[in-house]
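To start, the structure under review is shown below, and the notes come after it.
The values are calculated or read from the model by the stated rules, or taken from the named source; none is laboratory data. This structure is a prediction, so every number in the text was calculated from the model and none was measured. Cβ: placed from backbone, ideal geometry, glycine included. Neighbour counts: every protein chain shown. Note: areas computed on protein heavy atoms with side chains; ligands, DNA, RNA excluded. Shrake-Rupley method; radii C 1.70, N 1.55, O 1.52, S 1.80 Å.
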Amino acid sequence: MVLPTSNKSDGLDIGQFALMPSAVLAADIPGWSGAQAFVNFGGELNDGTAHDGRRPWIVNFGAFAPIRQFTLTSEWNFSQAEGNFYTPGIVWRTPAAFELGIGVPVGLNARADRYRVILTLVREFG
């Protein structure tokens, strides 16, 4: 299923909406309060970015563990479309109720970038 999102003069197939449902299974790590291991998997229901007619899929394995005001993260990302990465990271829960995080995906195969940088800033209300 593709939903064109560009205008007629640009060509209706330039912008597309991709639908990628996924599922997450998680389990608490015994003996470590707040720590979890998880697996996430999914795939596109449309042709999306694959030029060979296949529908791209993703599988991620990971874990996170809080240590005082920090949370250590570790994730292995496998993607048919973008390549494979190992992503270590850390999240800092600030005294002002913000969470500031950084992750550095490191490419594991030829399709993947050598590295990327992901920054997050979260503020919860309530």
Carbon/sulfur accessible area of the stretch 58-115, % of total, 1.4 Å probe, equals 66
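Just to confirm a number: summing +1 for Lys and Arg and -1 for Asp and Glu over residues other than Ala63 whose beta-carbon lies under 13 angstrom from that of Ala63, what do you get? Write down the numbers at each step before the final one.
Working: positive: none; negative: Asp28, Glu75.
Here the count lands on -2.
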In order over the stretch 94-110: 3J(HN,Hα) from phi, Karplus 6.51/-1.76/1.60, θ = phi - 60°, whole Hz, x for each Gly or Pro, gives 7, x, 8, 6, 9, 10, 10, x, 9, x, 10, x, 10, x, 10, 8, 5
